[in-house]
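Below: the structure, in structure tokens.
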């Protein structure tokens, strides 16, 4: 018969631990529960449940800073994406923008 729980020992930066546990506390989730959820998501995704990428640190372009020609180029890029089927639902885009630009 296998154990119902197993111990996990990990080193983590104190400020990261403190900030994460403060959020988990508001959510009413103990750290062990969050770690268990994370591991289950790793199993379901057969990998990390999020992208691990190097941020490009690009900020959104202000349309006011672009020339008329540059605006036309950006609009054409958008039309090309639509024609190529490279679109996503608005709700997904909003979530991505909030995550990528820390909004």
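Data table
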quantity: Neighbours by Cβ (under 6 Å, 6+ apart or cross-chain): first from region 14-25, in a helix (DSSP H, G or I); second exposed (fewer than 10 other Cβ atoms within 10 Å of the Cβ); calculated: none
quantity: Exclusive hit being on the phi > 0 side of the Ramachandran plot and either in contact (Cβ under 8 Å) with a residue 12 or more places away in the chain or over 17 Å from the mean Cα position of the chain (by Cα) (or both), set 46, 86, 77, 4; calculated: 46
quantity: Residue that is modelled with the lowest pLDDT [pool: residues in region 55-76 that are assigned to a helix (DSSP H, G or I) and surrounded by 10 or more Cβ atoms within 10 Å (Cβ to Cβ)]; calculated: 74
quantity: Qualifying position, being more than 17 Å from the chain's Cα centre (by Cα) and in contact (Cβ under 8 Å) with a residue 12 or more places away in the chain, among 29, 35; calculated: 35
quantity: Search result, residues across region 77-103 that are part of a loop (DSSP other than H, G, I, E, B) and closer than 19 Å to residue 54 by Cα; calculated: 101, 102, 103
quantity: Selection status of residue 47, in a helix (DSSP H, G or I), out of contact with any strand residue (DSSP E or B) (no Cβ under 8 Å at 6 or more places or on another chain), under 30 Å from residue 5 (Cα atoms) and modelled with pLDDT of 90 or more; calculated: no
quantity: Given (1) in contact with a helix residue (DSSP H, G or I) (Cβ under 9 Å, 6 or more places away or on another chain); (2) modelled with pLDDT under 95, index of the condition residue 34 fails; calculated: (2)
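The values are calculated or read from the model by the stated rules, or taken from the named source; none is laboratory data. Note that the structure is predicted; figures quoted are calculated from it, not measured. Every residue, glycine as well, gets a Cβ built from its backbone with ideal geometry; the counts of neighbours run over all protein chains shown.
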